[in-house]
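Q: Quick one: the structure is below, questions incoming.
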Amino acid sequence: MLDNRLKKIAELVSGDGIAVDVGTDHAYLAAELVNSGKCSRVIASDVKEGPLDSARNTVEKFGIQDKVELVLSDGLANVSLDGVSDVVIAGMGGETIADIIGAVKIDSVDKMNIRWVLQPMTKPEILRRKLYEYNMEITVECVAEEGDKLYVIMTAEYCPFPRRLTEAESVCGFFDDEDETANKYRAREAERLEKTGIPEEELRGRLDLREPEDIIFTIDGWDAKDLDDAISIARTDTGYWLGVH
């Protein structure tokens with residue numbers, strides 16, 4: 001019943017408590033988590049009645065009405081997180097996923113006990129940045145392949161001692177270097193970025209050090225488009241300018 005994308009998401013759910021499937025659509029993931037025995041209870045939410053009707057058909061088909069609760073909710077607004085061990089947010093843009101997580105009040109739930117399983121359809125780099133701004137860390141990141149499509153999937157948990165995410169990490173992610181599918185995704189993304197260049201909004205507020213007379217020392221890769229660990233030296237009318245990046 002599940003495609004490769006949803007199979008990988010299901011694998012990453014811990015099953016330690018209640019799972020929440022945000023944007024459940026047909027509730028295929030919720031049904032699999034219950035039918036496989038991984039989760040004893042799942043809360044399946046969606047922002048529209050139409051998808052919830054489809055989810056209700058799936059739940060009734062498998063006779064799991066007592067184990068899957070259907071909730072009409074914009075993100076997690078109407079979902080209680082008491083006893084929840086896993087929250088799945090998949091099939092949405094990275095910015096939307098970040099907004100849903102950011103709307104959860106810190107004092108409303110013990111966030112340390114929740115595993116967030118996230119699958120952004122677009123802008124994973126923005127989601128990665130936001131997660132670290134929310135005092136979270138990415139614990140697993142992988143890629144699911146379905147036909148010619150590659151889907152980024154990650155798990156994140158709250159971290160009591162968050163660190164700053166580098167620009168390279170936000171773009172490249174935290175994939176296993178031995179993962180061939182992830183390497184295929186990275187190569188595809190590198191090709192896309194090379195074709196599109198750096199968006200104008202990304203250049204605003206930055207210092208352009210691409211002039212040939214600038215001297216730069218860095219430990220970043222040769223193809224990096226943003227230098228996080230570098231020093232630069234440039235000649236000025238009055239002497240030299242030393243920059244630490």
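Bear in mind that the values in this text are calculations on the coordinates, not laboratory data. Keep in mind that this is a model prediction, so the values were computed, not measured. With ideal geometry, Cβ positions are generated from the backbone for all residues, glycine too; neighbour counts draw on all protein chains shown.
Q: Go through segment 30-90 and name the trypsin sites (Lys or Arg not before Pro) that are in a DSSP coil and have 13 or fewer other Cβ atoms within 10 Å of their Cβ.
A: K48
Q: For Cα pairs less than 8 Å apart in space and 6+ apart in sequence, what is the mean separation divided by the residue count of segment 22-177, i.e. the relative contact order in percent?
A: 18 percent
Q: Which three semi-axes in whole Å describe the equivalent ellipsoid of segment 1-67, each the square root of 5 times a Cα gyration tensor eigenvalue, listed largest first?
A: Taking √(5λ) for each Cα gyration eigenvalue gives 17, 13, 11 Å.
Q: Sort segment 62-169 into rounded, prolate or oblate with this rule: let a ≥ b ≥ c be the square roots of the eigenvalues of the Cα gyration tensor; rounded if a/c is under 1.5, and if a/c is not under 1.5, prolate when a/b is larger than b/c, oblate otherwise.
A: It comes out oblate by the Cα gyration axes.
Q: Taking the Cα centre of segment 73-196 as the origin and placing charges on Cβ (Lys, Arg +1; Asp, Glu -1), which of I100, C172, G147 is farthest toward the positive end of the dipole?
A: So the residue we want is I100.
Q: Can you bin segment 13-104 into rounded, prolate or oblate? Criterion: square roots of the alpha carbon gyration tensor eigenvalues sorted a ≥ b ≥ c, rounded for a/c under 1.5, prolate for a/b above b/c, oblate for the rest.
A: Oblate.
Q: Rounded, prolate or oblate: which one fits segment 75-135, using the alpha carbon gyration tensor with axes a ≥ b ≥ c (rounded when a/c is under 1.5, else prolate when a/b beats b/c, else oblate)?
A: Because a/c hits 1.5 or more and a/b exceeds b/c, segment 75-135 counts as prolate.
Q: Could you give the length gained by full extension between N78 and T238, i.e. 0.36 nm per residue of separation minus their alpha carbon distance, to one decimal place?
A: 51.4 nm
Q: A further question on this structure: Provide the FRET efficiency to the nearest 0.05 for the K7-M121 pair, computing r from the beta carbons and using R0 = 22 Å.
A: Rounded to the nearest 0.05, the efficiency is 0.80.
Q: Can you say what percent of the DSSP beta bridges in segment 15-150, counting only those with both residues inside, are antiparallel? Round to 5.
A: The antiparallel fraction comes to roughly 10 percent.
Q: Also, quick follow-up: Quick one: compute the contact order of segment 58-137, relative version, from alpha carbon pairs under 8 angstrom and 6+ residues apart, as a percent.
A: Relative CO of segment 58-137 lands at 32 percent.
Q: Each label point is 7 Å from the Cα along the Cα-to-Cβ direction; what then is the distance between the points at F62 and R188, in nm?
A: The answer from the label model is 2.7 nm.
Q: Here's a follow-up. Can you give the charge dipole size of segment 1-119 about its Cα centre, rounded to the nearest 20 debye, using +1 on the beta carbon of Lys and Arg and -1 on the beta carbon of Asp and Glu?
A: It comes to approximately 320 debye.
Q: Under the definition of Cα pairs under 8 Å and six or more residues apart, what whole-number percent is the relative contact order of segment 1-97?
A: 34 percent
Q: So between T166 and D53, what do we pick up on full extension, going 0.36 nm a residue minus the alpha carbon distance?
A: This chain segment gains 36.4 nm when fully extended.
Q: Here is the link list: K38/K130; K7/K105; K38/K61. Which ones come out longer than 25 Å on Cα distance?
A: K38/K130; K7/K105
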